[in-house]
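Participant: Below is the structure I would like to discuss, written out as structure tokens.
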Amino acid sequence: MPVRAVALAALDMAGTTVADGGAVERSFRRALEAGGGPQSCAVSDPEGFVATTMGQSKLAVFTALFGGDGERAGRANAAFEEAYGEAVAAGEIAPVPGATETMAELRDGGVKVCLTTGFAPVTRRMIMETLGWNEAVDLALSPADAGRGRPWPDMILTAVIRLEIDDVREVAVVGDTTSDLVAGWRAGAGIVAGVLTGAHGRSQLESAPHTHILSSVAELSGLVLH
């Protein structure tokens, strides 16, 4: 399909631009134990629920898992962020192949880049510092910076406002989960692209509203810079 001119690329982190070797899943398991264990969850299949809700605000996921118990959700969220932070400190994360180059190509081509994530700001900042990305993007947002996390469109729309984008149709949203795609669609983005490098496979991504399915974020510059 014809691709509209793009002024902003809103790119997810874990699974889209950041490879972590399964650190998210391991951190979730540790968080569940900190919150009381899978047997104490309000859903019958906690691991299935976590897999389905990948990409969403971690605190919101834990709140749902523990039936709205804010204290337990807070403990679980703190344990998750601690575990993922340990993985970052241990050198378990790296850019998805081509991600750093793609962000540079987009910015060289006049496209602003915003990283979006379900991580807390402190974890997001640690990841960016570790990967040397502080100067590689125009903006980075967590749910705490915008209101609600995915699948709501708040982070994308916050980026549109802060980066002074004229039209939401000039936004390309890229992510590896259905929540990323739903958020992009709700925001009115002109490109809503799933990538096959993260949590959800092709069939799951195709079940969500989208305009493209890409092998990886490395294909994005070829799609939008024309």
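Participant: Answer with yes or no whether R162 is assigned by TED's automatic domain parsing to the domain that holds T16, under 23 Å from T100 (Cβ atoms) and surrounded by 20 or more Cβ atoms within 10 Å (Cβ to Cβ).
Facilitator: Details: assigned by TED's automatic domain parsing to the domain that holds T16: yes; under 23 Å from T100 (Cβ atoms): yes; surrounded by 20 or more Cβ atoms within 10 Å (Cβ to Cβ): no.
No, not satisfied.
Participant: Residue under question is A172, and the condition is that it be at pLDDT 95 or above and assigned to a strand (DSSP E or B); does it hold? Can you show your working first?
Facilitator: On the way: at pLDDT 95 or above: yes; assigned to a strand (DSSP E or B): yes.
Here the answer is yes, as A172 does meet what is asked.
Participant: Quickly run through the range 138-152 and pick out the residues that are out of contact with any Asp or Glu (no Cβ under 7 Å at 6 or more places or on another chain) and surrounded by fewer than 19 Cβ atoms within 10 Å (Cβ to Cβ).
Facilitator: So the first thing to find is which residues in the range 138-152 are out of contact with any Asp or Glu (no Cβ under 7 Å at 6 or more places or on another chain), and the list is 138-145, 149, 151-152.
Answer for the range 138-152, where residues must be out of contact with any Asp or Glu (no Cβ under 7 Å at 6 or more places or on another chain) and surrounded by fewer than 19 Cβ atoms within 10 Å (Cβ to Cβ): D138, L139, A144, D145.
Participant: Quick check on my filter: what residues within the range 10-50 are in a helix (DSSP H, G or I), under 20 Å from L181 (Cα atoms) and either of a type in the set (S, T, N, Q) or in contact with a strand residue (DSSP E or B) (Cβ under 7 Å, 6 or more places away or on another chain) (or both)? Before you say what the answer is, go through the steps one by one.
Facilitator: Step one: of the range 10-50, the residues in a helix (DSSP H, G or I) are 23-34, 38-40, 46-50.
Okay, now just the ones that are also under 20 Å from L181 (Cα atoms), so 24, 48-50.
Scanning the range 10-50 gives a single hit, V24.
Participant: Among (1) closer than 21 Å to D154 by Cβ; (2) modelled with pLDDT under 80, there is one condition S44 misses while meeting the rest; what is its number?
Facilitator: Among (1) closer than 21 Å to D154 by Cβ; (2) modelled with pLDDT under 80, S44 violates only (1).
Participant: Provide a single number: the residues in the range 78-94 that are crowded, with 18+ Cβ neighbours inside 10 Å and either in contact with a strand residue (DSSP E or B) (Cβ under 8 Å, 6 or more places away or on another chain) or of a type in the set (S, T, N, Q) (or both).
Facilitator: 1
Participant: Please tell me if R30 is of a type in the set (D, E, K, R), at pLDDT 80 or above, farther than 28 Å from W185 by Cβ and surrounded by 18 or more Cβ atoms within 10 Å (Cβ to Cβ). Let's see the steps before the verdict.
Facilitator: Values: of a type in the set (D, E, K, R): yes; at pLDDT 80 or above: yes; farther than 28 Å from W185 by Cβ: yes; surrounded by 18 or more Cβ atoms within 10 Å (Cβ to Cβ): no.
No.
Participant: Continuing with the same structure: Within the range 51-62, count every residue that is at pLDDT 75 or above and either in contact with a strand residue (DSSP E or B) (Cβ under 8 Å, 6 or more places away or on another chain) or in a helix (DSSP H, G or I) (or both).
Facilitator: 7
Participant: If you go through the range 77-117, how many residues are closer than 27 Å to P153 by Cβ and in contact with a Lys or Arg (Cβ under 7 Å, 6 or more places away or on another chain)?
Facilitator: Summing the residues that are closer than 27 Å to P153 by Cβ and in contact with a Lys or Arg (Cβ under 7 Å, 6 or more places away or on another chain) in the range 77-117 gives 4.
Participant: Find the helices (runs of 4 or more DSSP H) located wholly in the range 70-156 whose residues include 2 or more that are touching a residue at least 60 places away in the same chain (Cβ under 8 Å), and list them.
Facilitator: Working: elements: 70-89, 99-108, 121-131, 143-146.
It comes to 70-89, 99-108, 121-131.
Participant: Turning to a different aspect of this structure: Would you check which residues across the range 192-211 are free of Cβ contacts under 8 Å to residues at least 24 places away in the same chain, within 19 Å of P97 (Cβ to Cβ) and crowded, with 16+ Cβ neighbours inside 10 Å and list them?
Facilitator: Selection gives G194 alone.
Participant: Here's another thing I want to ask about it. Starting from residues that are in a helix (DSSP H, G or I) and small (G, A, S), keep the ones in the range 175-189 and report whichever is nearest to the chain's Cα centre (by Cα). Show your work before the answer.
Facilitator: Residues of the range 175-189 that are in a helix (DSSP H, G or I), as a first pass: 178-187.
Remaining after also requiring small (G, A, S): 179, 183-184, 187.
Numbers: S179: 9, A183: 10, G184: 11, A187: 15 Å.
Here the answer is S179.
Participant: Tell me yes or no: at least one residue of the range 60-76 is farther than 24 Å from V224 by Cα, in contact with a Lys or Arg (Cβ under 8 Å, 6 or more places away or on another chain) and crowded, with 21+ Cβ neighbours inside 10 Å.
Facilitator: yes
Participant: Now for a separate question. Given the residues S221, S179, which is the only one that is in contact (Cβ under 8 Å) with a residue 60 or more places away in the chain, buried (at least 20 other Cβ atoms within 10 Å of the Cβ), polar (S, T, N, Q) and over 24 Å from E25 (Cα atoms)? If you could, list the steps in order and put the result at the bottom.
Facilitator: Values: S179 fails: over 24 Å from E25 (Cα atoms).
The conditions single out S221.
Participant: Checking V195 against (1) modelled with pLDDT of 95 or more; (2) over 14 Å from the mean Cα position of the chain (by Cα), which test does it fail?
Facilitator: (2)
The values are calculated or read from the model by the stated rules, or taken from the named source; none is laboratory data. Model, not experiment: these values are computed from the prediction. Reconstructed Cβ throughout: ideal geometry from the backbone, glycine too, with neighbour counts over all protein chains shown.
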